[in-house]
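Note sheet for the following structure.
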Amino acid sequence: MHARFGGVVPEVASRRHLELVVPVLREALAEADTELESLDAVAVTQGPGLVGALLVGLSAAKAVAWANRLPLVPVDHLHGHVASLYLQHEPVEPPFLCLLASGGHTLLIDVAEPGAFRVLGTTLDDAAGEAFDKGARLLGLGYPGGAAIDRLAREGDPAAYDFPVARVSGLDFSFSGVKTALLYAVRDLSDDELERRRADLAASYERAIVSALVARTNEAAEQTGAPRTAVVGGVAANSELRAALPDALFAPLPLCTDNAAMIASAARYTEAVPFPGYLELDAYASG
Amino acid sequence: MLTLAFDTATSVATSALVRDGELLGERSSRAVRVLADAEELLGHAGAEPGELTRVVVGTGPGSFTGVRMGLAAARGLAFALGLRLAGISTLDALAAGAPGALPVVDAGRREVFTLVDGMPAAVAPDSLRLGPGATCVGDGAVRYRDVLEALGARVPPRESELHVPRARFHVELAHEFVDPEAVEPLYLRLPDAEQAR
Ligand SMILES: [Zn+2]
């Protein structure tokens, strides 16, 4: 849906959320072969994210919970991503270090227990997935950019270009510089040259982003002494990242991109708000 | 027949509870509070959500986010209770609360949502054609009082209750009840990204 605009347009996303909010409830209940009457609680993302979209989900969830005076569990979206790891056949047991990389976030998280998470580092500008999307646009590839770059990169030489990723202090990330480097490289090429070098550019760009993610993740693992590293979020689907972190645990592919199963998973470790305390609950845009 | 109505499209959210044509209570607050208001209204009537038989919602036009919050809550509630839903234009409800007046809702970007030849539209306030002795109500009328008065219209004082939608009028106007998803928001504008294309 967002392919047409080359990214997520808040107003478009929010309109779509409203169209789908009841149909997805119907579908989930049907697929689980259950009914509203047998629910014990309603879990919903409270933030962070696009506030217009969050408020659609939150309003509907409050109404559904209120109708049956059920408790409401307001879940943090980032916690949800971490909790996607608890939905596998052999759930990952804390403590572990978690790299969350998606279109909206790039975070290193220390997970001491299932309900708790402590952010160690974050991106100072673009998220890793956003860097992939913007790079894909510069290369004339489709949306979502991560998958398009990943596919094309397999045919290219990752050492063809040297795209430096800024080293910022602590355990934070910065991806705006690498995007600018790609912009300059593309700008210097004629249309024919770009056509010929596109795969090399994609491979080098992907390598630069992935190396930055891996380097920081390894530093964080050393600092925290975490026995395991896990990777979640849309960028966890990237094949180069998977290859570069052979010992890490990756979220199951269908649970890498945003999904409601991970929110329900996180709800198990989040305090529920009993009726009627949640009726005035508001969404939050940033964490 | 126990009917709950609410409208969160404009800066003041409204909710009302009506039993068989009798207004049991009405509240004004903010969009994020509207279900808390509804719970209070039911509490005073000694009822609970499960006893509702119909839901009415304001469909805008107004703030896009406000319109969606109302629709999402109404669809969620109707779905959860297995009820049918009626959608009422916020402009129609405003007009019903101020008979003879033209409803004018602030649309941002130097425009207002109003009725042009009876049809909802987004227009610049100074482009309105107002008949002699016209009265304008709504948060758009308050905001553009100078412009509208210069065009010959009368705008009641800022504190007048005529300027805010009141959900009792949504109930009065609600005759057609349908499946929750069949009630559509009244945006009157494309998203920016679509407009730019
Ligand atoms: Zn996400």
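Bear in mind these aren't lab numbers, they're just calculated from the coordinates by the rules spelled out. Only a predicted model underlies this, so the values are computations on that prediction, with no experimental measurement involved. Cβ: placed from backbone, ideal geometry, glycine included. Neighbour counts: every protein chain shown.
Figures for the structure shown
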quantity: Helical segments meeting 24 Å axial Cα length and Kyte-Doolittle 0.0 threshold in chain B (DSSP H); calculated: B:64-81
quantity: Kirkwood-type radius of region B:1-64, with distances r between different C-alpha atoms, in Å; calculated: 11.7 Å
quantity: Number of partner chain Cβ atoms within 10 Å, mean per residue of B:33-42; calculated: 4
quantity: GluC sites (Glu not before Pro) lying in DSSP loop within region B:115-169, provided at most 11 other Cβ fall within 10 Å; calculated: B:E159
quantity: Candidates A:D40, A:D157, A:D125, ranked by Gaussian network fluctuation over chain A, Cα under 10 Å, top entry; calculated: A:D40
quantity: Theoretical FRET efficiency, 1/(1+(r/R0)^6), r = Cβ-Cβ of A:S211 and A:R268, R0 41 Å, to 0.05; calculated: 0.70
quantity: DSSP beta bridges in region B:4-137 [antiparallel fraction, %, rounded to 5]; calculated: 70 percent
quantity: Choice from A:E37, A:E193, A:E93 showing the highest fluctuation, given a GNM over chain A with Cα pairs closer than 10 Å; calculated: A:E37
quantity: Choice from A:A61, A:A243, A:A153 with maximal GNM fluctuation in chain A (Cα, 10 Å cutoff); calculated: A:A243
quantity: Dipole moment magnitude, nearest 20 debye, the protein assembly as shown about Cα centre, only Lys, Arg, Asp, Glu C-beta charged; calculated: 780 debye
quantity: Kyte-Doolittle mean at least 0.0, axial Cα span of 27 Å or more - DSSP H helices of chain A; calculated: A:10-31
quantity: Alpha-carbon gyration tensor eigenvalues x 5, square-rooted, for region B:91-161, Å; calculated: 15, 14, 12
quantity: Whole-Hz couplings from phi, Karplus 6.51/-1.76/1.60, listed for region B:117-122; x for Gly and Pro; calculated: 6, x, 9, x, 7, 9
